[in-house]
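The values are calculated or read from the model by the stated rules, or taken from the named source; none is laboratory data. Model, not experiment: these values are computed from the prediction. Here the Cβ positions follow ideal geometry from the backbone for every residue, glycine too, while neighbour counts run over all protein chains shown. These accessible areas exclude ligands, DNA and RNA; they are computed on the full protein's heavy atoms, side chains included. Shrake-Rupley method; radii C 1.70, N 1.55, O 1.52, S 1.80 Å.
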Amino acid sequence: MTDQDMNRASRTTLQGVLTGLLAFAVYATHDAAIKSLGGTYSPFQIVFFVVLLSFPIVTLMLVRDTKAENLRPRDPFWAAVRTAAVVIGGFCAFYAFTVLPLAETYAILFAAPLIITVLSVPLLGEVVRLHRWMAVLVGLAGVIVVLRPGSADLGLGHLAALGAAFGSALAGVVMRKIGGSERREVLLLYPLLANFAVMLCILPFVYVPMPLADLGMVLLIAFLAIVAMSLMIRAYTLADAAIVAPMQYSQIIWATLFGWLFFGETSDTLTFVGAGIIIASGAYIVLREAGGDTSKHRPVLNTLSRRPEMGAMPRISLLVRKSALRAREQLPRKRQQAMSRPSVGL
C-alpha cells in the first residue's frame, strides 16, 4: 500500500469515527426528547405514537425490495423470541429514560456487550476464554457500583434499564443466530407489528390528550431516530466496526450535559466510576473480538449498534448488511460497464 493509499484510508477512518460520534450525539438527543415527554405521558403512549410514525418509513423500505415472498418466518421460535425481546426491551428502555437520570440509564445500558458475551455461549456456541470472562466479571462489578444495592434507592427504573440491556443483548444474539437465513422483512416487520398491537391494547387505559407541540416532539423523536440510524450506517461503511462501536460510550458525555441543562440532574461520583468500569470492560471485549483469533462469531461486534432496539426502527446491522449486499451486487455490473467502454489510445 502506498503512502497515498494509507493517508486516504486514515482520512476515511477518521470520517467514520466522527460520523459515529455525531450519530450517537443525535441518539442522545433522541433519548433526552423521550425523557422530556416522560414526565407527562405514559411510556406506552409514547412508544405507540413513535411506532405509528415509523410505519411509513419501514413500509418504504419493504416496498423497495423486489423479491416477493411471504412473511412466514423460517424459524418461528427464534423469530418470536427476538420479537418479544425487542418489544419488552424497547419499552423498558423508554421507561428507564423517563424515570432515571440519563447518565445512570446509559451506564446500565452499557452492560449490553457483557450480556451479549454471556448469551453467545449457549445460543451461538461461542468459545469465551478467560480474558473475556474476566472482562465480563469486571463489567458486572461496575454495574453493582452504579446500582449500589443496599445504599441507594433501587426502583422499577433500574430494573427496566437492566431489562433493556438484556433485551437488546438477546435480540442482537438471536439476530446473529438467524440473520443469515431469515428474511429481512420478517426481522423488520414482526417487532414493529407486535409493538403496535401491544401498545394499542394498553393505550386506552393510559391515554392523555396530546397538544400539537407534544405531537411535534414525538415526530421529532422519530426523525432523530432516522437521522441517527442513517449516520450509523454511513459510519460503518467508512470505518471498521471495532473502531466505530466504542463511540457509543460518548453518549455518557451528552447524557451528563443534557441531564444538567434540561432536567436538573447531577450524577454522583460512583455513577461515573461504575460507568467507567463498564465502558472499559466493554471496550476490552470489542478489542478482543476484533483480534480475529479470539472469537469465532464476534457477537458483540456483529450486532453493531448495541443501543436497545425499540421496535420502531430496525437494527443497524440489518441495514448495513443490506447495503453491503447491494454494493456487492452492483460491483460486477460496474466492472462490466467499465470493461465495455471503448479504450482511448494516447
Calculated over segment 171-235: convex hull of Cα atoms, volume per residue (Å³)
116
Leaving out ligands and nucleic acids, and using a 1.4 Å probe, what accessible area per residue does segment 257-303 come to in Å²?
50
What distance in nm separates the two pseudo spin-label positions at T269 and V138, each 7 Å out from Cα along the beta-carbon direction?
2.2
Could you state how much accessible area W254 has, in square angstrom rounded to the nearest 10, with a 1.4 Å probe and all protein chains kept in place?
90
So how much accessible area does V121 have, in Å² to the nearest 10, using a 1.4 Å probe?
50
Which semi-axes, in whole Å and largest first, does the equivalent ellipsoid of segment 144-198 have when worked out from the alpha carbon gyration tensor as the square roots of 5 times its eigenvalues?
32, 15, 5
Over all directions, the average projected area of the alpha-carbon convex hull for segment 174-291 comes to how many nm²?
11.2
Using alpha carbons only, how many angstrom separate the centre of segment 200-234 from the centre of segment 100-162?
28
Judged on accessible area alone, 1.4 Å probe, highest first, I88, I243, I226 line up as I88, I243, I226
If r is the Cβ-Cβ distance from I202 to M6 and R0 is 56 Å, what FRET efficiency results, to the nearest 0.05?
0.50
